[in-house]
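The values are calculated or read from the model by the stated rules, or taken from the named source; none is laboratory data. Quick caveat: nothing in here was measured; it's all calculated off a predicted structure. Here the Cβ is made from the backbone with ideal geometry for all residues, glycine too, and neighbour counts use every protein chain on show. Just so you know, the surface numbers come from the protein's heavy atoms only, side chains and all, with ligands and any DNA or RNA stripped out. Shrake-Rupley method; radii C 1.70, N 1.55, O 1.52, S 1.80 Å.
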Amino acid sequence: MKPEDRFVERLREALSDRDDVVVGPGDDAAVVRSSAGRLVVTTDTLVENVDFLPGEDPGRLGRRAVSVGLSDLAAMGAWPDFFLLTIGFPESTNEELPLLLARSAARRGEEFGAALVGGDLSRAMEIFLSVTVWGRPCGEVVRRSGARPGDVVFLSGWPGEAAAGLAVARARAGGDRSAGGAGWTPEELSVPDETRLLAAYRDPEPRLPLGRALAREALATAAIDVSDGLGADAGRLARASGVRLVLESESLPISPALAAFAGLAGRDALEMALAGGDDYELLFTTPADRAGRFADPPSEWGASVNRVGRIESGEGAFFEEARGLRAIDDLGFDHFGAAP
């Protein structure tokens, strides 16, 4: 268990139970009862030099801040209504930067019907953005805790592309190009591959339509937003459900763009898919007799979906390869560790 997860467990022990709190700390979002019905609420923060590189374009950064918050709602099967935005910035910043950030965030929210209704400004050592978003469930709330032995595991999108995109962005900014492998230059990547990888990192697409379908059609027994790395988040889903989650090496999707990057940089594409963060995809489970629903996902779901594994009795998250099972719970990012 990662330190971040131990922190959440200790925090939960310190909190009192309330009848109006349906889901508290430990899932992708909180669920509370109100006079208007159930509300799904989450918050997310992006910090310079931790979650994004210095000099990032404000327009992209504002969009990304909203997208990562919306991804949490997608995992719960909810749709957003409103959000708040807090922006921190250094003393030398004029009002144009926070205004650009806020305007781009507002436009991103509007794409999904979520209105920016307020927030805060703060002086800070580095730029940061914090988004609090709330919405309403589209059916039964999908939690991390519903997976059962015999379920099939699915994943949206292409894991590892965002991690490759971060490496490309660092290289373009003059950073280390040799970490984890041989030296390389971004110019060696094709323009389409570089564009795709950078977009995966800088402009993730929250899987709200897919999450809505999972909730409305009661397709998912459990789901989680993959943000800290597929291995780590698979471990969280397995632990919450009290099961063993097995990812199968022959089923894990590796995009041509990621494969091209890995070949140039001397990296292992499978390891990047398992440990790379910032994917903002949905990892979810479904009963075996409903798995056929995902053979040809409708276009309105807005995402490719691949079967990547299975649920068994036991505990932990594992990667199945030719030499056997390998634990993957500790792969990925942890907020108590060093910045990636």
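Taking a label point 7 Å from the Cα of Ser313 along the Cα→Cβ vector, which residues of segment 133-148 have an amide N closer than 14 Å to it?
Residues 148 fall inside that zone.
Of the options Gly150, Gly77, Val133, report the single residue whose Cα projects farthest towards the positive end of the charge dipole of segment 64-169 (beta-carbon charges: Lys, Arg +1; Asp, Glu -1).
Gly150
Taking R0 as 41 Å, what FRET efficiency do you get between Asp268 and Arg33 from their Cβ-Cβ distance, rounded to the nearest 0.05?
In this case the efficiency is close to 0.35.
How high is the relative contact order of the chain, given as a whole-number percent (alpha carbon pairs under 8 Å, six or more residues apart)?
Relative contact order here is 22 percent.
Report, in order of residue number, the helices in the chain meeting two criteria: a C-alpha extent of 20 Å or more along the helix axis, and a mean Kyte-Doolittle hydropathy of at least 0.0; treat each whole DSSP H run as one helix.
58-76
Would you work out the charge dipole size for segment 20-152 about its Cα centre, treating the Cβ of every Lys and Arg as +1 and the Cβ of every Asp and Glu as -1, and quote it to the nearest 20 debye? Please list the in-between numbers first.
On the way: 13 positive and 19 negative charges, 97 e Å.
Result for segment 20-152 is approximately 460 debye, rounded to the nearest 20.
Determine the order of Arg136, Arg63 by accessible area, beginning with the largest, at a probe radius of 1.4 Å.
Arg136, Arg63
Under unit Cβ charges (Lys, Arg +1; Asp, Glu -1), what dipole magnitude, rounded to 20 debye, does the chain have relative to its Cα centre?
So the dipole magnitude of the chain works out to roughly 600 debye.
Hey, in the GNM for the chain with a 10 angstrom Cα cutoff, which one of Gly231, Gly316, Gly37 fluctuates hardest?
Greatest mean-square fluctuation among the candidates belongs to Gly37.
Which GluC sites (Glu not before Pro) in segment 38-104 pass both tests, a DSSP loop state and at most 15 other beta-carbon atoms within 10 Å?
On the way: sites: Glu48, Glu56, Glu91, Glu95, Glu96; in loops: Glu56, Glu91, Glu95.
Listed in order of number, the matching sites are Glu91, Glu95.
Before rounding to the nearest 500, sum -39500 (n - 2.57) across all DSSP H runs of length at least 4 in the chain and divide by the residue total; then give [θ] at 222 nm in deg cm²/dmol. Can you show the working numbers first?
On the way: 9 runs with 108 residues, N = 340.
So the calculated ellipticity at 222 nm is -10000 deg cm²/dmol.
Using the Cα gyration tensor of segment 35-94, with a ≥ b ≥ c the square roots of its eigenvalues, what is the shape: rounded (a/c below 1.5), prolate (a/b larger than b/c) or oblate (neither)?
On the way: a/c = 2.99, a/b = 2.12, b/c = 1.41.
It comes out prolate by the Cα gyration axes.
So what's the Cα pair-distance distribution over segment 20-141, bin width 10 Å, in %?
Once binned at 10 Å, the Cα pair distances of segment 20-141 give 14, 45, 28, 12, 1.
Please list 205-214, 101-110 highest first by mean number of surrounding beta-carbon atoms within 10 Å per residue.
Working: 205-214: 24.9, 101-110: 19.6.
The densest-packed peptide leads the list: 205-214, 101-110.
Return a whole-number percent for the relative contact order of segment 184-298, with Cα pairs under 8 Å and 6 or more residues apart as the contact set.
Details: 109 pairs, mean separation 48.6, N = 115.
Relative contact order, segment 184-298: 42 percent.
Sort segment 131-235 into rounded, prolate or oblate with this rule: let a ≥ b ≥ c be the square roots of the eigenvalues of the Cα gyration tensor; rounded if a/c is under 1.5, and if a/c is not under 1.5, prolate when a/b is larger than b/c, oblate otherwise.
Working: a/c = 2.83, a/b = 2.18, b/c = 1.30.
It is prolate, given that a/c is not under 1.5 and a/b is the larger ratio.
In a GNM of the chain with a 10 Å cut-off on Cα contacts, which of Leu258, Leu325, Leu230 has the highest mean-square fluctuation?
Greatest mean-square fluctuation among the candidates belongs to Leu325.
Leu53 to Ser145: FRET efficiency via 1/(1 + (r/R0)^6), r the Cβ-Cβ distance, R0 51 Å, to the nearest 0.05?
0.90
For Asp289 and Arg10 in one chain, what is 0.36 nm times their gap in residues minus the Cα-Cα distance, to one decimal in nm?
Full extension of this stretch gives 96.7 nm more.
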